[in-house]
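The values are calculated or read from the model by the stated rules, or taken from the named source; none is laboratory data. A quick note: this is a predicted structure, and the numbers were derived from the prediction, not measured. Here the Cβ positions follow ideal geometry from the backbone for every residue, glycine too, while neighbour counts run over all protein chains shown.
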Amino acid sequence: MNILFVVPSPLFADRGCHIRIVEEAKALNKLGNKVTICTYPHGRDVNGLDIKRTVKIPWYNKLEAGPSYTKILLDFLLFLKISRLAKAKRFDIIHAHLHEGALLAEFVNKFNSNKIPVIFDVQGSLTKEVIEHKFTQKNSLIYKLLYKIEQHVTNASDAIIVSSTSMADILKNEYNQADKKVDVIPDAVNTDFFKPRLKSTKLVKNLNIKNKKVVVYTGLLNEYQGIDLLLNAVKEVSKNRRDVHFLIIGYPNEEYYTGKADELRITDFVTFTGKIAYSRIFEYLSLADVAVSPKLPRAGEANLKLYTYMATGLPIVVFDHIVNREILGDLGVYAKYNDYKSLALKIEDLLDNDGLRNELKEKLRENALDHSWEKSAMDIVKIYKKLLQK
């Protein structure tokens, strides 16, 4: 099948959203399909993928997640690009990522004589995300407009896939989507690439963490990912011991959080690495004894980093939330939701329990082997075929 991925985002920028998109495309190609990705002008190309980009906007190079008024122009340019591609090449399916992608796909079909079935790949609720990013207030005019758009695109799409049952429930309960239209395709992980490895002695030396127990976080640095709570947890841990170091890997806002760490007087306990390429994350994960994800899922989005942690055999401390339990089940170490003191306590308990860490390491790795992108791609192809049979 010829598949057009519509990606209204600066692919590739080492973000969870982008990892899902890229890994889906790679896995679909491996199954004999041909995926063409149409995306924004900025971002990094990925070997082996056919990526088509819009023209550049000189003043805009934002890579991090979050709304922006400039994206209206970017989405218009993306619409033009998709329209030209759809007329020049016969596509069997439009696989639209994110809400703007689904809306653009609908517009393309309005101007195309041959309607192409649209599958909407949802990674979170649009209205809940703009609230999380503090772009607008609930019940404001902008919020109401975005809610209408979200409702419209979910109704207009021929099929919907989501990465969590939490998001499926939001669509069913708040947007009246029939069960048969929403399929859960969980995130996955490349277990050949992400696996337990020996520590990089060079990195240990460069980061000055010899003889330290290491706790690692990877992902975006912002409030809704729980970084403020994590730093407060580091402060709690630092009151009791000096044998622990926290590696915080990601972007943006490194300067802001470095300043916050300084205010909390925990700079000796934390290293902010800045942005590290997805292809190098495994080097840093190999240094860790424990992984942490203080994310507070509120928009129905999943927590893809947990699969990466699992594949590398890292015991994981998370907040007690349905999304995290859906992924980790009995293999997670759960802190009270939104409670940094509980988070600190669970981290310390896990660091001090070698037996539990070793037990979890084996079970987590074994569990990760059941979550391959190839399996996800096969499930997606089944949905494609159902659409084409209608």
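Within the range 60-76, take every residue that is in a loop (DSSP other than H, G, I, E, B) and charged (D, E, K, R) and give me the one that is modelled with the highest pLDDT.
Lys62
Would you mention how many residues in the range 115-147 are in contact (Cβ under 8 Å) with a residue 24 or more places away in the chain and either in contact with a His (Cβ under 8 Å, 6 or more places away or on another chain) or not in a helix (DSSP H, G or I) (or both)?
So the count comes out to 13.
So which residues in the range 312-333 are more than 20 Å from Val184 (Cβ to Cβ), of a type outside the set (Val, Ile, Thr) and touching a residue at least 60 places away in the same chain (Cβ under 8 Å)?
Once the filter is applied, which keeps residues that are more than 20 Å from Val184 (Cβ to Cβ), of a type outside the set (Val, Ile, Thr) and touching a residue at least 60 places away in the same chain (Cβ under 8 Å), the range 312-333 yields Gly313, Leu314, Phe319.
Suppose the filter is touching a Leu at 6+ places or on another chain (Cβ under 7 Å) and touching a residue at least 24 places away in the same chain (Cβ under 8 Å); does Val189 pass it? Quick ask: steps written out before the conclusion?
On the way: touching a Leu at 6+ places or on another chain (Cβ under 7 Å): no; touching a residue at least 24 places away in the same chain (Cβ under 8 Å): yes.
It is false that Val189 is touching a Leu at 6+ places or on another chain (Cβ under 7 Å) and touching a residue at least 24 places away in the same chain (Cβ under 8 Å).
Would you check if Leu369 is within 27 Å of Ile160 (Cα to Cα), surrounded by fewer than 17 Cβ atoms within 10 Å (Cβ to Cβ) and among the aliphatic types (A, V, I, L, M)? Let's see the steps before the verdict.
On the way: within 27 Å of Ile160 (Cα to Cα): yes; surrounded by fewer than 17 Cβ atoms within 10 Å (Cβ to Cβ): yes; among the aliphatic types (A, V, I, L, M): yes.
So Leu369 fits the description; yes.
Tell me, which residue of the range 182-194 that is among the charged types (D, E, K, R) and within 17 Å of Gln123 (Cβ to Cβ) is modelled with the lowest pLDDT? Spell out the reasoning first.
Here is the first cut: in the range 182-194, the residues among the charged types (D, E, K, R) are 183, 187, 192.
If we keep only those that are within 17 Å of Gln123 (Cβ to Cβ) too, we end up with 183, 187.
On the way: Asp183: 93, Asp187: 96.
Within the range 182-194, the match that is modelled with the lowest pLDDT is Asp183.
Quick one: count up the residues across the range 222-249 that are acidic (Asp, Glu) and in a loop (DSSP other than H, G, I, E, B).
To start, the set of residues in the range 222-249 that are acidic (Asp, Glu) comprises 223, 228, 236, 243.
Right, trim to in a loop (DSSP other than H, G, I, E, B) and you get 243.
Adding up the residues that qualify gives 1.
Quick one: how many residues across the range 117-160 are touching a Lys or Arg at 6+ places or on another chain (Cβ under 9 Å) and either farther than 25 Å from Asn222 by Cβ or of a type in the set (Lys, Arg) (or both)?
Within the range 117-160, residues that are touching a Lys or Arg at 6+ places or on another chain (Cβ under 9 Å) and either farther than 25 Å from Asn222 by Cβ or of a type in the set (Lys, Arg) (or both) number 7.
So which of Val7, Val22, Val55 ends up being under 21 Å from Ala105 (Cα atoms) and in contact with a Phe, Trp or Tyr (Cβ under 7 Å, 6 or more places away or on another chain)? Walk me through it before giving the result.
Numbers: Val7 fails: in contact with a Phe, Trp or Tyr (Cβ under 7 Å, 6 or more places away or on another chain); Val55 fails: in contact with a Phe, Trp or Tyr (Cβ under 7 Å, 6 or more places away or on another chain).
The conditions single out Val22.
For the range 1-59, what are the residues that are assigned to a helix (DSSP H, G or I) and either touching a Gly at 6+ places or on another chain (Cβ under 8 Å) or within 20 Å of Ala277 (Cβ to Cβ) (or both)?
Taking the range 1-59 as the starting set, the residues that turn out to be assigned to a helix (DSSP H, G or I) are 16-30.
Across the range 1-59, the qualifying residues are Gly16, Cys17, His18, Ile19, Arg20, Ile21, Val22, Glu23, Glu24, Ala25, Lys26, Asn29.
Which of the following residues is of a type in the set (Lys, Arg), in contact (Cβ under 8 Å) with a residue 40 or more places away in the chain, closer than 18 Å to Val55 by Cα and touching a strand residue (DSSP E or B) at 6+ places or on another chain (Cβ under 8 Å): Lys89, Lys71, Lys81?
Numbers: Lys89 fails: closer than 18 Å to Val55 by Cα; Lys71 fails: touching a strand residue (DSSP E or B) at 6+ places or on another chain (Cβ under 8 Å).
Going through Lys89, Lys71, Lys81 in turn, just one is of a type in the set (Lys, Arg), in contact (Cβ under 8 Å) with a residue 40 or more places away in the chain, closer than 18 Å to Val55 by Cα and touching a strand residue (DSSP E or B) at 6+ places or on another chain (Cβ under 8 Å): Lys81.
May I ask you to list the residues in the range 151-176 that are in a loop (DSSP other than H, G, I, E, B) and under 16 Å from Gln123 (Cα atoms)? Full working, then the answer.
Kept after step one, since they are in a loop (DSSP other than H, G, I, E, B), are these residues of the range 151-176: 157-158, 163-164, 175-176.
Hits for the range 151-176 are Ser157, Ser163, Ser164, Tyr175.
Select from the range 185-199 the residues that are surrounded by fewer than 16 Cβ atoms within 10 Å (Cβ to Cβ) and not acidic (Asp, Glu) and list them in ascending order. Reasoning before the result, please.
Of all residues in the range 185-199, those surrounded by fewer than 16 Cβ atoms within 10 Å (Cβ to Cβ) come to 192-193, 196-199.
Phe193, Pro196, Arg197, Leu198, Lys199, listed by residue number.
Which residues, taken from the range 238-260, are in contact with a strand residue (DSSP E or B) (Cβ under 6 Å, 6 or more places away or on another chain) and more than 25 Å from Gly16 (Cα to Cα)?
Matches in the range 238-260: Asp243, Val244.
Do the conditions hold for Gly250, that is, is it touching a Leu at 6+ places or on another chain (Cβ under 9 Å) and more than 22 Å from Asn47 (Cβ to Cβ)? Step through it out loud before you land on a result.
Numbers: touching a Leu at 6+ places or on another chain (Cβ under 9 Å): yes; more than 22 Å from Asn47 (Cβ to Cβ): yes.
Yes, satisfied.
Just the residues that are under 19 Å from Lys363 (Cα atoms), in a strand (DSSP E or B) and under 20 Å from the mean Cα position of the chain (by Cα), please, taken from the range 318-347.
The one that is under 19 Å from Lys363 (Cα atoms), in a strand (DSSP E or B) and under 20 Å from the mean Cα position of the chain (by Cα): Val318.
Can you confirm whether Leu296 is in contact with a His (Cβ under 8 Å, 6 or more places away or on another chain) and touching a residue at least 40 places away in the same chain (Cβ under 8 Å)? Write out each step before concluding.
On the way: in contact with a His (Cβ under 8 Å, 6 or more places away or on another chain): yes; touching a residue at least 40 places away in the same chain (Cβ under 8 Å): yes.
Against the criterion (in contact with a His (Cβ under 8 Å, 6 or more places away or on another chain) and touching a residue at least 40 places away in the same chain (Cβ under 8 Å)), Leu296 qualifies.
Suppose the filter is surrounded by 21 or more Cβ atoms within 10 Å (Cβ to Cβ), aromatic (Phe, Trp, Tyr), more than 15 Å from the chain's Cα centre (by Cα) and at pLDDT 95 or above; does Phe246 pass it?
Details: surrounded by 21 or more Cβ atoms within 10 Å (Cβ to Cβ): yes; aromatic (Phe, Trp, Tyr): yes; more than 15 Å from the chain's Cα centre (by Cα): yes; at pLDDT 95 or above: yes.
Judged against the criteria, Phe246 is a match.
Inspect the range 80-95 for any residue being outside any helix (DSSP H, G or I), among the charged types (D, E, K, R) and over 28 Å from Phe111 (Cα atoms) and give the result as yes or no. Lay out the reasoning, then the answer.
First, the residues of the range 80-95 that are outside any helix (DSSP H, G or I): 89-95.
Filter again for among the charged types (D, E, K, R), leaving 89-90, 92.
Next cut, over 28 Å from Phe111 (Cα atoms) only: none.
No, because not a single residue in the range 80-95 is outside any helix (DSSP H, G or I), among the charged types (D, E, K, R) and over 28 Å from Phe111 (Cα atoms).
For residues in the range 204-219 being touching a residue at least 40 places away in the same chain (Cβ under 8 Å) and assigned to a loop (DSSP other than H, G, I, E, B), which is surrounded by the fewest Cβ atoms within 10 Å (Cβ to Cβ)? Let's see the steps before the verdict.
Initial filter on the range 204-219 (touching a residue at least 40 places away in the same chain (Cβ under 8 Å)): 204, 207, 209, 213-219.
Imposing the further condition that a residue be assigned to a loop (DSSP other than H, G, I, E, B) reduces the set to 209, 219.
On the way: Ile209: 19, Gly219: 22.
Restricting to residues being touching a residue at least 40 places away in the same chain (Cβ under 8 Å) and assigned to a loop (DSSP other than H, G, I, E, B), the top hit is Ile209.
State the number of residues belonging to the range 76-97 that are surrounded by fewer than 19 Cβ atoms within 10 Å (Cβ to Cβ) and not aromatic (Phe, Trp, Tyr).
Filtering the range 76-97 down to residues surrounded by fewer than 19 Cβ atoms within 10 Å (Cβ to Cβ) leaves 76-77, 80, 83-85, 87-90, 92.
From what is left, the residues that are not aromatic (Phe, Trp, Tyr) are 77, 80, 83-85, 87-90, 92.
So the answer is 10.
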